[in-house]
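Every number in this text was worked out from the coordinates using simple rules, so none of it is lab data. Given the structure is predicted, the values throughout are model-derived calculations rather than measurements. Every residue, glycine as well, gets a Cβ built from its backbone with ideal geometry; the counts of neighbours run over all protein chains shown.
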Amino acid sequence: GESVGLHLPTLSVQEGDNSIINCAYSNSASDYFIWYKQESGKGPQFIIDIRSNMDKRQGQRVTVLLNKTVKHLSLQIAATQPGDSAVYFCAENIGGTYKYIFGTGTRLKVLA
Amino acid sequence: DSGVTQTPKHLITATGQRVTLRCSPRSGDLSVYWYQQSLDQGLQFLIQYYNGEERAKGNILERFSAQQFPDLHSELNLSSLELGDSALYFCASSPSTGGWGYTFGSGTRLTVV
């Protein structure tokens, strides 16, 4: 069944196109950031992370950009596939402490 | 499979009742974290245990309590349940007291009717 976030902002993209999902984080002291993917009925799954001493980090088909000046993160997914359909949210952390602050998320829908 | 096991996957109960959610952390992880995820909301941190001891508390209601046992599994107890307690409850684990290497379980969906 459907998971949480029925009223989340939704990004719809055509299969094969690139997706860009944005996140504004809250604390200027945050120095570590993670993007998570949450599929229906599953727990959040780590996608990619970035530390505050970097502006960009690339993974397989994913790139995270960090703009500390405006406290903004983005996740770029190249050649979006149907399996990418999920809720994506960012998390910020300060100094490796226990506590993460999670964003509310964006639902990505991939159109065939 | 993330290695973090949560049971049950689904739970339906009536208002006023009490339930217990269970979490087994990933092998080798000493910290367990509990989160609540409601509709339209991000993950809200409830509580952290490290090697059997409470280490941090978040927005956890007094009606809720948790513990971590010697074998490192953890239980979250929710009592006097209200309709608004309906949510997904996630457990995460990490090797140490800090947040590195966070791994989430697949969650327990609680429905209070």
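Considering only residues that are of a type in the set (Gly, Ala, Ser), within 14 Å of chain B (Cβ to nearest Cβ) and surrounded by fewer than 20 Cβ atoms within 10 Å (Cβ to Cβ), which ones fall in the range A:58-112? Spell out how you get there, then give the answer.
Of all residues in the range A:58-112, those of a type in the set (Gly, Ala, Ser) come to A:59, A:74, A:78-79, A:83, A:85-86, A:91, A:95-96, A:103, A:105, A:112.
If we keep only those that are within 14 Å of chain B (Cβ to nearest Cβ) too, we end up with A:86, A:91, A:95-96, A:103, A:105.
A:GLY95, A:GLY96 - these are the residues of the range A:58-112 that are of a type in the set (Gly, Ala, Ser), within 14 Å of chain B (Cβ to nearest Cβ) and surrounded by fewer than 20 Cβ atoms within 10 Å (Cβ to Cβ).
Restricting to the range B:61-88, what's the tally of residues that are more than 20 Å from B:GLY98 (Cβ to Cβ) and free of Cβ contacts under 8 Å to residues at least 60 places away in the same chain? Can you show your working first?
Filtering the range B:61-88 for residues more than 20 Å from B:GLY98 (Cβ to Cβ) gives B:61-65, B:67, B:69-71, B:73, B:75-88.
Cutting the leftovers down to free of Cβ contacts under 8 Å to residues at least 60 places away in the same chain gives us B:61-65, B:67, B:69-71, B:73, B:75-77, B:84-88.
So the answer is 18.
Selection over the range A:36-52 of residues that are outside any strand (DSSP E or B) and touching a residue at least 12 places away in the same chain (Cβ under 8 Å) gives a count of 6.
For the range B:55-68, state whether one or more residues are more than 22 Å from B:THR13 (Cα to Cα) and in contact with a Gly (Cβ under 8 Å, 6 or more places away or on another chain). First the steps, then the outcome.
Residues of the range B:55-68 that are more than 22 Å from B:THR13 (Cα to Cα), as a first pass: B:55-59, B:68.
Narrowing the set further to residues that are in contact with a Gly (Cβ under 8 Å, 6 or more places away or on another chain) leaves B:68.
Yes; the residues of the range B:55-68 include at least one that is more than 22 Å from B:THR13 (Cα to Cα) and in contact with a Gly (Cβ under 8 Å, 6 or more places away or on another chain).
Among the residues making up the range A:84-112, those that are of a type in the set (A, V, I, L, M) and either without any contact (Cβ under 8 Å) to a residue 40 or more places away in the chain or in contact with a Phe, Trp or Tyr (Cβ under 7 Å, 6 or more places away or on another chain) (or both) are A:ALA91, A:LEU108.
Residue-level analysis places A:GLN81 outside the set of residues that are of a type outside the set (Lys, Arg) and touching a Pro at 6+ places or on another chain (Cβ under 6 Å).
For the range A:12-38, a residue qualifies if it is touching a helix residue (DSSP H, G or I) at 6+ places or on another chain (Cβ under 9 Å) and within 12 Å of chain B (Cβ to nearest Cβ), and exactly one does: A:LYS37.
Scanning the range B:64-113 for residues that are among the charged types (D, E, K, R) and assigned to a strand (DSSP E or B), which turns out farthest from the other protein chains (Cβ to nearest Cβ)? Lay out the reasoning, then the answer.
Step one: list which residues in the range B:64-113 are among the charged types (D, E, K, R), which gives B:71, B:75, B:82, B:85, B:109.
Then drop every residue that is not assigned to a strand (DSSP E or B), which leaves B:75, B:109.
On the way: B:GLU75: 18, B:ARG109: 8 Å.
That would be B:GLU75.
I'd like the full set of residues that are away from chain A (no Cβ under 11 Å) and either of a type in the set (D, E, K, R) or buried (at least 20 other Cβ atoms within 10 Å of the Cβ) (or both), limited to the range B:37-63. Within the range B:37-63, B:LEU46, B:GLU53, B:GLU54, B:GLU62, B:ARG63 meet the criteria. In the range A:53-83, the residue that is farthest from A:ILE94 (Cα to Cα) out of those that are in contact (Cβ under 8 Å) with a residue 40 or more places away in the chain and in a strand (DSSP E or B) is A:ILE77. Here B:LEU78 passes the criteria (1) surrounded by fewer than 15 Cβ atoms within 10 Å (Cβ to Cβ); (2) touching a helix residue (DSSP H, G or I) at 6+ places or on another chain (Cβ under 8 Å) except the one numbered (1).
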